[in-house]
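The values are calculated or read from the model by the stated rules, or taken from the named source; none is laboratory data. It should be emphasised that the depicted structure is a prediction, and the values quoted were computed from it without experimental measurement. Neighbour counts run over all protein chains shown; Cβ positions are idealised from the backbone, glycine included.
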Amino acid sequence: MNRILKYIGLPLFAGSVTLSAGAQNHGIDEMQIRKLVYTQTAIMQLYVDTVNAAALTEDAIRGMLKELDPHSQYTPAKDVQALNEPLQGSFTGIGVSYNMNEDTLVVIQPTSGGPSERVGIVAGDKIVTVNDTSIAGVKMSREEIMKRLRGPKGTQVNLGVIRQGVKGVQSFTVTRDKIPVYTIDAWYMIDPTTGYIRISSFGQTTHDEFVAAAKELMQQGMKNLVLDLQGNGGGYLQAAVEMSDEFLSNGEMIVYTEGRTTGRKEYHAHAGKMNIDKVVVLVDGYTASAAEILSGAVQDNDRGTIVGRRTFAKGLVQRPIDLPDGSLVRLTVAHYYSPVGRCFQKPYVKGDKKSYDNDMMDRLNSGELMSADSIHFPDSLKYTTKGGRTVYGGGGIMPDVYVPLDTTIYTRLHRELSAKSCIIQTTLKYLDKYRKSLTKQYDIDAYRKAKTRKSEGKTYDSQTLTEGFLRFKQEFEVPEEMVSLLLEKAKEAKVEYTDSTLQATLPMVKLQLKALLARDLWDTSEYCQIMNPSNEIYLAGLKAIGVELKP
């Protein structure tokens with residue numbers, strides 16, 4: 001038993017306390033551990049049927065964690081890499097973004113300077129075989145396809161590619177390499193002095209990505225910033241701290257954590273390096289964790305304006321614990337607190353994850369999402385910032401400017417068309433037919449060359465990066481042919497609708513189709529430039545910063 005305790009106590013993190021030393025002080029009862037070991041041993045040796053030891057152990061771990069908080073979780077070894085990749089900043093693969101057009105992989109864009117681009121794979125190519133195994137027309141899952149495309153750095157994979165206008169299947173040998181994973185989706189100038197940056201999560205490279213994007217926008221004249229954290233589920237604490245440090249003055253508190261055995265740890269700003277005047281942060285009910293840390297730091301220090309709806313309310317700190325078989329436990333060890341002492345975490349009952357997961361539906365049913373007046377905070381949850389403003393605890397960040405949910409924007413028909421992939425499939429089908437002409441009409445090749453030169457630090461024509469898209473944004477209207485393709489997809493998916501519901505749905509669907517075309521021809525920044533003006537939180541953010549969009 002001492003050997004077991006000694007193993008558990010191996011220092012997994014710098015400065016961690018081994019559990020074998022002074023274990024009783026941390027509530028460890030050797031008798032309880034002995035019970036677990038003896039029970040599993042008895043089952044393995046005496047149970048009437050054959051038992052899978054690994055599955056039994058995993059079920060026991062899950063059972064223990066289930067009785068704790070909603071965010072303490074177990075991840076099997078086979079899923080750990082996929083769990084960590086989005087936050088670690090890279091993975092090894094062939095370097096393409098893609099979509100599935102029915103049952104065929106279509107390359108949306110090869111990674112600039114990546115292994116696929118280096119061998120000549122281009123947007124619109126259809127990858128139909130991987131190492132002589134067909135992946136098209138065989139109903140192979142995305143997970144299985146990705147497993148075949150990814151692999152150790154330096155290994156080779158043979159791809160069979162169908163390209164429009166070229167007969168037969170072309171063969172490409174791609175050497176897998178490290179592929180960056182970006183956490184900043186989009187950045188662009190809204191007007192001559194206002195920039196926009198959207199962060200999808202907080203990973204190891206987020207701060208560096210932000211600094212690079214902000215510097216680029218500042219070179220274009222940015223004085224004020226709209227920072228979009230809508231839907232940002234969080235990530236690494238350190239990334240949120242580094243981001244907050246860019247906005248705050250020296251010594252201002254960013255966040256502090258405190259737990260039963262971890263004590264209190266404070267994080268303070270050092271410089272306030274980013275020379276930005278006004279800051280507006282956009283949030284919604286899915287803005288969580290590290291994104292709430294940044295929002296709370298900006299709000300509590302009176303540094304900017306929070307616009308949107310009450311955030312998710314995840315204020316629990318998880319420590320990753322590596323298990324000997326490569327699996328992982330994320331164990332909650334502390335709470336997050338904002339600079340004025342607000343705990344971000346919403347209330348929960350241990351073991352009742354179902355009620356916790358229904359929180360957003362409860363907000364909808366209570367009327368909170370439609371009106372700030374439906375939210376009532378007791379006086380005990382009131383806090384005051386150093387500037388004298390009243391802010392509230394009790395779960396999440398309550399924005400300074402509340403934006404009610406407009407339930408009329410997306411109709412039932414629109415939700416069904418999206419859920420059954422009719423909209424994205426229409427875009428892929430249209431691009432499959434017209435990619436060549438659209439590429440020529442809007443100088444996409446010149447754009448890609450300029451973008452590659454920019455990423456390599458070479459001289460490039462900056463006008464080439466924006467000229468074609470601006471013409472597309474102003475000129476392009478979704479043609480009837482595209483609407484007909486959409487209705488064909490709806491029929492195939494057995495989506496029912498009336499003429500009146502179709503007419504009510506088409507304006508938003510057409511806008512989304514245009515935005516998806518822009519994303520596939522250019523990038524996510526262009527998608528956001530088309531879609532954002534339909535977002536009520538975005539528009540309220542512009543109003544808060546004093547920007548008026550031109551028609």
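A few notes on this one:
- Lys489 vs. criteria in a loop (DSSP other than H, G, I, E, B) and either surrounded by 15 or more Cβ atoms within 10 Å (Cβ to Cβ) or out of contact with any strand residue (DSSP E or B) (no Cβ under 8 Å at 6 or more places or on another chain) (or both): no
- Matching residues, the stretch 493-551, being surrounded by 17 or more Cβ atoms within 10 Å (Cβ to Cβ), at pLDDT 95 or above and acidic (Asp, Glu): Glu526
- Whichever residue in the stretch 148-188 is within 22 Å of the chain's Cα centre (by Cα) and farther than 17 Å from Ser97 by Cβ and, among such residues, is surrounded by the fewest Cβ atoms within 10 Å (Cβ to Cβ): Tyr188
Residue by residue, here is whether (1) β-branched (Val, Ile, Thr); (2) assigned to a strand (DSSP E or B); (3) not assigned by TED's automatic domain parsing to the domain that holds Ile375 holds:
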site	(1), (2), (3)
Gly296	no, no, no
Asp302	no, no, no
Val307	yes, yes, no
Phe312	no, no, no
Asp325	no, no, no
Arg330	no, yes, no
His335	no, yes, no
Pro347	no, no, no
Gly351	no, no, no
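- Leu428 meets the conditions (1) more than 24 Å from Tyr538 (Cα to Cα); (2) in the same structural domain as Asp373 (by TED's automatic domain parsing); (3) under 26 Å from the mean Cα position of the chain (by Cα) in every case but one. The failed one is (2).
- Applying the criterion of being aliphatic (A, V, I, L, M) and modelled with pLDDT under 85 to the residues of the stretch 119-139, the residue that is nearest to Gln109 (Cα to Cα) is Ala123.
- Selection within the stretch 71-107 - touching a Pro at 6+ places or on another chain (Cβ under 6 Å), part of a strand (DSSP E or B) and of a type in the set (A, V, I, L, M): Val96
- Residue match in the stretch 203-226 (condition: closer than 21 Å to Glu536 by Cα, at pLDDT 95 or above, of a type in the set (Phe, Trp, Tyr) and assigned by TED's automatic domain parsing to the domain that holds Gly304): no
- Every residue from the stretch 444-482 that is outside any helix (DSSP H, G or I) and more than 24 Å from Ala213 (Cα to Cα): Phe476, Glu477, Val478, Pro479
- Residue tally, condition out of contact with any strand residue (DSSP E or B) (no Cβ under 8 Å at 6 or more places or on another chain), assigned to a helix (DSSP H, G or I) and surrounded by fewer than 16 Cβ atoms within 10 Å (Cβ to Cβ), over the stretch 392-433: 5
- Evaluated against (1) hydrophobic (A, V, I, L, M, F, W, C); (2) within 18 Å of His71 (Cβ to Cβ); (3) surrounded by 24 or more Cβ atoms within 10 Å (Cβ to Cβ), Ala297 falls short on exactly one condition, (2).
- Single match in Leu331, Leu369 (criterion: in contact with a Ser or Thr (Cβ under 9 Å, 6 or more places away or on another chain) and closer than 30 Å to Asp79 by Cα): Leu331
- Tally, over the stretch 202-240, of residues that are in contact (Cβ under 8 Å) with a residue 12 or more places away in the chain, surrounded by fewer than 17 Cβ atoms within 10 Å (Cβ to Cβ) and of a type in the set (A, V, I, L, M, F, W, C): 2
- Set Glu292, Glu266: member being buried (at least 22 other Cβ atoms within 10 Å of the Cβ) and at pLDDT 95 or above: Glu292
- Highlighted here are the strands (runs of 3 or more DSSP E) found entirely within the stretch 139-230 that include at least 2 residues which are among the polar types (S, T, N, Q) and in contact with a Gly (Cβ under 9 Å, 6 or more places away or on another chain): 170-175.
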